[in-house]
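The values are calculated or read from the model by the stated rules, or taken from the named source; none is laboratory data. Since this is a predicted model, take the numbers as computed values, not measurements. Virtual Cβ from ideal backbone geometry, glycine too; neighbours counted across all protein chains shown. Note: areas computed on protein heavy atoms with side chains; ligands, DNA, RNA excluded. Shrake-Rupley method; radii C 1.70, N 1.55, O 1.52, S 1.80 Å.
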Amino acid sequence: MLYSVRMRSAKGGPHEQGGRHISGAERILEEQTVDEAVRQMLHRARSHTRGKADFINIRIEAIDSRAVRLVPLLPMLQHETDNIENGRKIAKQLLLDCGITEQAADRAFKVLLGLKESMRGAVLLDAISGERRDSFQRRGVRVSHMDVENRTEFKRWLNKQKHQGSHVQEAIVLAAKVASAPGIQAELCWSDDPDYRTGYVTAQGIYHRITPMKQLGDARGGRVFFIRPETDLEHVVQYLQEQPVLIDWKSKGRKT
Ligand code: WAQ
Ligand code: MG
């Protein structure tokens, strides 16, 4: 038996009552490590750069380990440039190169740049028409039930690759799950944390880190998942939200 441990926190009351989202985190763990994970999540909710949460929800659920799908980690590439405009240009080009239409790519930037407040989840856009496909409105589709195997070792390995910090650790896990979902063609993301300027595009099985993607001090970020037109929406949403996934980061013979 494994346990799914999930946290979401907000300020100004619960999310459902209009509280502003502060942070979220999740793990898939063996029973004996659940307590420590809960403690870390509480700390995170109370000391986040987006503010101190006054609503914290932690949910713990048992899951059958046989239901967990193992998914490989994506190879990473790094793109650095001197300004935001160029960062976004690189991101757009990567999207076009993998078959997203210009219309859909432009729409994605427009949606993310037009947000007055961050969403908790992601926007699903049609990779061809650019039309929004999910019906989650201001909340978006929340990807959940994912983690990485041997997290401590994974962090050490990432640090050695010069990919430091919790943002990249978490983003790469989410991106690997998203990339494994049926019908997803690409992802565009930048953080809603005001002090974090790196964003990414996942396309053709590669995680492209891009710096900078936004202004320092800006607390608006977001995610867009591009889906192929013929995709069964219900199926992909169910996979993103509920399928337990563990990232098997050693599968390509990576050495630690
Ligand atoms: N499912 C769907 N969308 C999510 C989720 C989720 N579980 N978590 C966050 N989002 C959306 C939501 O709209 C947030 O406002 C937005 O993504 C940004 O979330 O390589 O830190 O957690 O250095 O602030 C990317 C670069 C960092 C990492 C991304 O995102 C790197 C980041 P954040
Ligand atoms: Mg954030």
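Side notes on the structure shown:
- Qualifying lysines (Cα of each under 23 Å from Cα of LYS250; at least 8 residues distant if same chain): LYS155, LYS160, LYS162, LYS177
- Around GLN93: net Lys/Arg minus Asp/Glu count, Cβ-Cβ under 14 Å: -1
- Using only Cα coordinates, the Kirkwood hydrodynamic radius of region 4-58 works out to 11.2 Å.
- A 1.4 Å probe run over the protein chains yields, for the chain, 49 Å² of accessible area per residue, whole-number rounding.
- The orientation-averaged shadow of the Cα convex hull for region 97-243, equal to a quarter of the hull surface, comes to 8.5 nm².
- Around PHE225: net Lys/Arg minus Asp/Glu count, Cβ-Cβ under 10 Å: 0
- Normalised convex hull volume, region 1-118, alpha-carbon set, Å³ per residue: 182
- Net charge contributed by nearby residues that have their C-beta within less than 15 Å of ASP82 (K/R +1, D/E -1): +2
- The chain, helix-only ellipticity at 222 nm - DSSP H runs n ≥ 4, -39,500 (n - 2.57), divided by all residues, nearest 500: -9000 deg cm²/dmol
- Protection-proxy order for peptides 126-137, 79-90, each taking the mean of Cβ atoms within 10 Å per residue, highest first: 126-137, 79-90
- log₁₀ of I(q)/I(0) at q = 0.11, 0.16, 0.18 Å⁻¹ - region 39-179, Debye sum with one point per alpha carbon: -0.58, -1.27, -1.50
- When you count the other C-beta atoms within 10 angstrom of each residue and take the mean per peptide, 31-40, 196-205 line up highest first as 196-205, 31-40.
- Theoretical FRET efficiency, 1/(1+(r/R0)^6), r = Cβ-Cβ of LEU70 and LYS116, R0 30 Å, to 0.05: 0.15
- Region 70-209, accessible surface, carbon-and-sulfur percent (1.4 angstrom probe): 48
- Accessible surface of region 1-44, 1.4 Å probe: 48 percent of it comes from carbon and sulfur atoms.
- Highest to lowest packing among 175-181, 68-74, scored as the average C-beta count within 10 Å: 175-181, 68-74
- Length released on extending from ASP232 to ARG138, taking residue separation times 0.36 nm less the Cα-Cα span: 31.7 nm
- Region 84-136, Rg to Rh (Cα coordinates; Rh as Kirkwood inverse mean 1/r): 0.97
- Remark on region 98-163: hydrodynamic radius 14.4 angstrom, per the Kirkwood mean of 1/r across alpha carbon pairs.
- The chain - convex hull of the alpha-carbon atoms, volume per residue in Å³: 124
- Options SER166, GLY140, GLN103, ranked by Cα towards positive dipole end of region 99-256, top entry (Cβ charges): SER166
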